[in-house]
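For reference, the structure is listed below as structure tokens.
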Amino acid sequence: MKALILSGGHGTRLRPLTYSQQKQLIPVANKPVLFYTIEDVIEAGIRDIGIIVGPNKEQVIETVRSVDWDADIEFIYQGEPKGLAHAILVAEEFLDDEEFVMYLGDNILKDGIVDHASKFRELNPDALILLTEVDEPQRFGVAELDEKGRVKRLIEKPKVPPSNYALVGVYFFKPVIIEACKNIKPSWRNELEITDAIQWLIDNGYRVEASIVTGWWKDTGKPEDILEANRLVLDDIKPKNEGRVENSRIMGRVVIEEGAMVRDSVVKGPCVIGRNSQIVNAYIGPYTSIGNNCVIEGTEIEDSVIIDGSVIKNAGRIVESLIGRNVRIVEADSKPKGCRFVVGDNSNIVL
């Protein structure tokens, strides 16, 4: 089996961060979301991986190649994103008439895909889609199942959902899905939708099975999703200290990476402090990830993600925030006091 991981798209819901970086590279617990996906695929025994890239493709390629993966990874350029089914057609040569799992690179599954891959191999259907129960199915693509638990119909954001089973961004396919993708028409969004391709399989007599996700699943498409995924991942971390702690209180499950220094501070887990970061006279509260090479001084931070290279000094209390790379937040040293902003398009500021 091969794997097709999607790491393209413009990430408009995560702007302004995604003006300068690919959304799948935004870190959760100090690791790019895309890396969780690659690890899941390798854990399932798949060693032949194709990654669909688009905008910021060089950034994705460089980041992935910075790690020595136990797999052969090929990068496939999609260009303008025209839907998930279009991504399959772009990757047709790589897929080479073999079974594959398609995994959206901005999704995180707590328990990975090992059990689902085993189910696909055992049941041997033409497609197996992952579903999870949600409270508001009208916000998702929803599956209607028959009495045997097979997929009967897929409906995108139905006003009256036939079930509360929403599509998760992981799909297992036999090669026939390529024929399906070639036989559908673009949707109102002018995209080739994977739901339409799967419905084509159903309508043409192919067998589509479902596999239910019991642990948590998170699509990290919006800032609040990144923060929620960060909380979920940090809930499972094991404490580790490879840095230096001076005159500080460390409480709960805290990871302090190599070269990091905590001085005259309080750190309350679960949280992670990245390599070579400095925490001075500060409070780092639960569910916070401080990236590599950051400086946090005279500031309280809780329930937030601070990405690499940022400097935050005497900034008061920061909560539920997603702060990008190399950001500088410092107290003004002049009178009168006030806030000065240089803010990108589509930003959201709460004071």
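Derivation of every value follows stated rules applied to the coordinates shown; laboratory data play no part. It should be emphasised that the depicted structure is a prediction, and the values quoted were computed from it without experimental measurement. FYI the Cβ positions are ideal-geometry reconstructions off the backbone, even for glycines, and counts take in every protein chain you see.
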Subtract the Cα-Cα distance of Glu93 and Asp135 from 0.36 nm times their separation in residues, and report this length gain in nm to one decimal.
11.2 nm
Largest-first semi-axes in Å of the equivalent ellipsoid built from the Cα gyration tensor of segment 237-330 are 17, 13, 13
In sequence order, what are the phi-derived ³J(HN,Hα) couplings for segment 36-47 according to the Karplus relation 6.51 cos²θ - 1.76 cosθ + 1.60 with θ = phi - 60°, rounded to whole Hz, with x for glycine and proline?
4, 5, 4, 4, 4, 5, 5, 4, 7, x, 9, 10
Pull up all non-local amide H partners of Ser304: gap of 5 or more, or a different chain, and H-to-H distance under 5 Å with H placed in the peptide plane.
Thr288, Ser289, Glu320, Ser321
With x for Gly and Pro, the residue-by-residue ³J(HN,Hα) of segment 94-109, computed from phi through the Karplus equation 6.51 cos²θ - 1.76 cosθ + 1.60 at θ = phi - 60° and given in whole Hz, is 5, 5, 6, 6, 10, 5, 7, 9, 9, 10, 6, x, 10, 10, 10, 10
Please list 3J(HN,Hα) in residue order for segment 247-254, calculated via the Karplus relation 6.51 cos²θ - 1.76 cosθ + 1.60 where θ = phi - 60°; whole Hz, with x for glycine and proline.
6, 9, 10, 10, 10, x, 8, 10
Using a cut-off of 20 Å between alpha-carbon atoms, which lysines can reach Lys174, once sequence neighbours fewer than 8 places away in the same chain are excluded?
Lys2, Lys119, Lys152, Lys182
Compute the Kirkwood hydrodynamic radius of segment 72-169, taking the inverse of the mean of 1/r over all pairs of distinct Cα atoms, and give it in Å to one decimal.
15.4 Å
Could you give the length gained on full extension between Ile212 and Arg328, defined as 0.36 nm per residue of separation minus the Cα-Cα distance, in nm?
37.4 nm
Rank the residues Tyr165, Tyr103 as a footprinting-exposure proxy: fewest other Cβ atoms within 10 Å of their Cβ go first.
Tyr165, Tyr103
As a percent rounded to 5, the proportion of antiparallel DSSP bridges among beta bridges in the chain is 25 percent
Taking the DSSP beta bridges in segment 103-216 as the whole, what percent of them are antiparallel, to the nearest 5?
75 percent
Taking the Cα centre of each part, how many Å lie between segment 152-172 and segment 207-245?
22 Å
So which aspartates and glutamates pass the test for Lys240, namely a Cα distance under 18 Å, with those fewer than 8 places away in the same chain ruled out?
Glu257, Glu258
Provide the three semi-axes, in whole Å and in decreasing order, of the ellipsoid equivalent to the chain as defined by the square roots of 5 times the Cα gyration tensor eigenvalues.
40, 21, 19
Efficiency by 1/(1 + (r/R0)^6): what FRET value for Glu144 and Arg65, r their Cβ-Cβ distance, R0 = 35 Å, to the nearest 0.05?
0.25
Once fully extended, how much extra length lies between Leu123 and Glu58, figured as 0.36 nm per residue of separation less the alpha-carbon to alpha-carbon distance?
19.5 nm
GluC sites (Glu not before Pro) restricted to segment 232-275 and DSSP loop, no more than 14 other C-beta within 10 Å:
Glu242, Glu258
Place +1 on the Cβ of every Lys and Arg and -1 on the Cβ of every Asp and Glu in the chain, take the dipole about the Cα centre, and give the residue among Pro286, Ala87, Pro186 whose Cα lies farthest towards its positive end.
Pro286
Distant-in-sequence amide H partners of Asn314 (H built 1.01 Å from N, under 5 Å):
Glu297, Gly298, Thr299
Please determine, in degrees from 0 to 90 and to the nearest 10, the orientation of helix 194-203 with respect to the longest principal axis defined by the Cα atoms of the chain, where the helix direction is its Cα long axis.
20 degrees
